[in-house]
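K.L.:
Starting off with a structure, shown below.
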Amino acid sequence: MSLARQHLMRFVAVLALGAASASAFAQSAEYRRGYDDGFAAGQRAGRDDYGRPGGGNRLHIERAEYGARGAMCDARRAVRQEMERNGGAVRADNGLCGDPAIGVGKRLTVVYRCGDDQPQQVSTRENDTLRLSCRR
């Protein structure tokens, strides 16, 4: 009887391991599906910098720099986020990417394009607001 009991216990253990691995596989498949969906959403957002559908008039930030006298920081990501939050308005201040030139008046310079149009450059002084738009 002891031998039969040992075989039964081994069989139960194999069934339990099989069930656990199937559950882990199902969870990893769900994780992968979620990851793929998130990745695809990020790719779509990257192609449409303004985050809104608009056909060929999507606003794309080519370059955004904030600072003075050679002390500049890359403000492209912050400018993109401000545009999305504020409907195209971007305030030039140290919140964009820090203070690259302490005690000196700074400028925000943005180069952007609408769809396949030629790039445009706009600039403003610290604490002023730029309005970026593809409307004509």
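We did not get these values from a lab; they are worked out from the coordinates using the rules stated. Source: prediction; values computed, not measured. Heads up, the Cβs are rebuilt from the backbone with ideal geometry, glycines too, and the neighbour counts pull from every protein chain shown.
K.L.:
Between Asp74 and Arg91, what is the label-to-label distance in nm when each label sits 7 Å out along the Cα-to-Cβ direction?
P.N.:
2.6
K.L.:
Starting from the 7 Å offset along Cα-to-Cβ, what nm value, one decimal, do you get for the label separation of Leu17 and Gln118?
P.N.:
7.1
K.L.:
How big is the stretch 55-131 on each of its three principal axes, counting only the C-alpha atoms and giving the largest first in Å?
P.N.:
Computed over the Cα atoms, the extents are 43, 23, 17 Å.
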